[in-house]
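First the structure, in the form of structure tokens, and then the observations on it.
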Amino acid sequence: MAGIQLIRGFKDILPGETELWKYIEKIAVDVFESFGFKEIRLPVLEHSELFARSIGADTDIVEKEMYTFPDRKGDLITMRPEATASVVRAYIQHKLYAKDPVQKFYTIGPMFRRERPQKGRYRQFYQINAEVFGIASPLIDAQLIFMLTTIFSRLKVADIATHINSLGCPVCRPEFKKALSTLLSSVSGKLCSDCIRRHKKNPLRVLDCKVPACRDAMSDAPAILDFLCPECKEHFNTVKATLENLEIPYHVDKNLVRGLDYYTRTTFEIQTGSLGAQSAVAGGGRYDGLVKSLGGPDHPATGFAIGLDRLAEIISAKSDDLLQNPEIFIAAIGSQSRTAALEWACRLGIEGIKTEINLTDRSLKSQMKRADRLGAAHVIIVGENELKQGSVVMRNMLTKDQISIPVQGLVANIKQTLKGIIH
């Protein structure tokens with residue numbers, strides 16, 4: 001009988017991968033905190049209404065992809081499909097704006113969407129999010145893009161391109177939608193079923209379709225940049241000028257739209273050629289009306305999300321360099337030696353020296369093989385004779401050199417020896 005397997009679209013993140021994930025998270029956190037962002041941790045479950053009102057009831061996410069179910073009282077609960085709505089909810093509920101409307105947060109965690117699993121895309125996926133409230137200036141949009149490119153630079157991800165666009169605002173977007181709808185009506189016979197449905201409900205989403213026939217049909221689509229009101233045009237020009245001043249190459253992509261209804265003005269993506277059709281590894285933009293629409297004050301906001309699963313796949317080839325091999329392996333022969341070895345390992349661990357030990361009755365040869373498999377830098381060999389004599393053997397696994405270390409003050413002696421080797 002076969003064992004229970006993973007649910008389709010979910011994955012285990014195993015040792016060997018987790019080191020890479022922690023490394024990515026550390027780089028991101030270092031950048032966030034250097035720019036004054038504070039961590040916020042949010043629940044996985046929210047009232048379904050939050051996402052219907054923020055993301056948009058007519059989006060694919062709300063209509064087809066959310067994990068939604070009634071709780072025991074019959075209230076509809078949803079496993080969060082994205083983080084921004086939850087951050088906005090917390091900003092409003094806890095009146096985080098009361099002391100200072102300008103707030104900068106980051107959060108890292110899992111999201112859930114029931115979509116077709118693909119390379120780098122899972123039904124439980126992880127995001128690194130940054131959100132800024134209370135700043136209307138386009139300069140913060142450019143700074144967020146600068147932060148993103150800094151994170152990728154520190155992770156040595158080379159094959160990336162920054163795409164930007166403006167989605168306008170409630171003043172200028174209606175005219176663009178009208179022009180877009182006119183084109184869609186003329187090419188409706190060439191569109192996929194999803195785009196035919198989007199045509200009436202959410203025509204901007206047609207620009208985001210990845211079906212080749214739809215992309216061909218939309219090749220002559222109007223550009224929203226041609227419909228921007230003076231304020232939106234000035235905003236976008238400032239973003240571009242600031243990126244140039246910060247020496248960040250970018251590509252203005254007229255077809256770049258975000259899949260969520262709350263975006264306005266600046267929108268951006270970091271794309272890579274390493275993931276095939278699923279090229280976006282990070283994206284974001286401005287959502288100035290979202291706080292007010294969810295019952296809060298009329299405060300502007302902007303932010304981004306990094307797909308942690310996708311980013312980990314891009315740099316997975318380097319993950320072997322991040323494995324933390326033990327500095328010390330204690331090969332203990334005999335029950336008394338194993339008892340002493342356990343105490344030493346605990347004390348070495350407290351001192352920050354990664355140590356592995358043998359707690360079973362195995363031969364020295366077998367233990368040395370295990371130490372080699374683990375990549376241990378040094379092996380402490382101890383048996384009953386060594387305990388009686390008051391000293392153990394410390395072998396350098398690279399050079400095979402051996403020295404004798406007194407049992408008395410063993411931890412301090414090992415620290416001193418390792419310090420001498422490092423220096």
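Would you please name the residue that is farthest from Lys156 (Cα to Cα), looking only at residues in the stretch 1-30 that are assigned to a loop (DSSP other than H, G, I, E, B) and of a type in the set (A, V, I, L, M)? Reasoning before the result, please.
First pass over the stretch 1-30, keeping only residues assigned to a loop (DSSP other than H, G, I, E, B): 1-17.
Pick out the ones that are also of a type in the set (A, V, I, L, M) and you get 1-2, 4, 6-7, 13-14.
Values: Met1: 45, Ala2: 41, Ile4: 38, Leu6: 32, Ile7: 33, Ile13: 22, Leu14: 23 Å.
Only one residue fits best here, namely Met1.
Does Thr264 satisfy being assigned by TED's automatic domain parsing to the domain that holds Ala130, in contact (Cβ under 8 Å) with a residue 60 or more places away in the chain and out of contact with any Pro (no Cβ under 7 Å at 6 or more places or on another chain)? Spell out how you get there, then give the answer.
Working: assigned by TED's automatic domain parsing to the domain that holds Ala130: yes; in contact (Cβ under 8 Å) with a residue 60 or more places away in the chain: yes; out of contact with any Pro (no Cβ under 7 Å at 6 or more places or on another chain): yes.
Yes, satisfied.
Among the helices (runs of 4 or more DSSP H) lying completely within the stretch 339-423, list those that include at least 2 residues that are within 28 Å of Gly16 (Cα to Cα).
Working: elements: 364-374, 384-389, 410-422.
Those helices (runs of 4 or more DSSP H) span 364-374, 410-422.
Identify the residue in the stretch 272-314 that is more than 30 Å from His94 (Cβ to Cβ) and over 13 Å from the mean Cα position of the chain (by Cα) and, among all such residues, is modelled with the highest pLDDT.
Of everything passing the filter in the stretch 272-314, Thr272 is modelled with the highest pLDDT.
Return the only residue of Ser86, Ser48 being hydroxyl-bearing (Ser, Thr, Tyr), within 23 Å of Thr264 (Cβ to Cβ) and in contact with a strand residue (DSSP E or B) (Cβ under 8 Å, 6 or more places away or on another chain). First the steps, then the outcome.
Details: Ser48 fails: within 23 Å of Thr264 (Cβ to Cβ).
Result of the check over Ser86, Ser48: Ser86.
Out of Val252, Val206, report the one residue that is of a type in the set (A, V, I, L, M) and assigned by TED's automatic domain parsing to the domain that holds Gly285. Give the derivation first.
On the way: Val206 fails: assigned by TED's automatic domain parsing to the domain that holds Gly285.
Only one candidate passes the filter, namely Val252.
Out of the residues in the stretch 165-177 meeting the condition of being touching a Ser or Thr at 6+ places or on another chain (Cβ under 7 Å) and either part of a strand (DSSP E or B) or without any contact (Cβ under 8 Å) to a residue 24 or more places away in the chain (or both), tell me which one is surrounded by the most Cβ atoms within 10 Å (Cβ to Cβ).
This residue is Ser166.
Considering every residue within the stretch 302-310, establish whether at least one is among the basic types (Lys, Arg) and not assigned by TED's automatic domain parsing to the domain that holds Gly409.
yes
Considering every residue within the stretch 201-217, establish whether at least one is of a type outside the set (A, V, I, L, M), more than 29 Å from the chain's Cα centre (by Cα) and over 23 Å from Asp288 (Cα atoms).
Yes, the conditions are met somewhere in the stretch 201-217.
Do we find a residue being modelled with pLDDT under 95 and among the acidic types (Asp, Glu) anywhere in the stretch 123-138?
no
The values are calculated or read from the model by the stated rules, or taken from the named source; none is laboratory data. Owing to the predicted nature of the structure, the values given are computational and were not obtained by experimental measurement. Backbone-built Cβ (ideal geometry, glycine too); neighbour counts: all protein chains shown.
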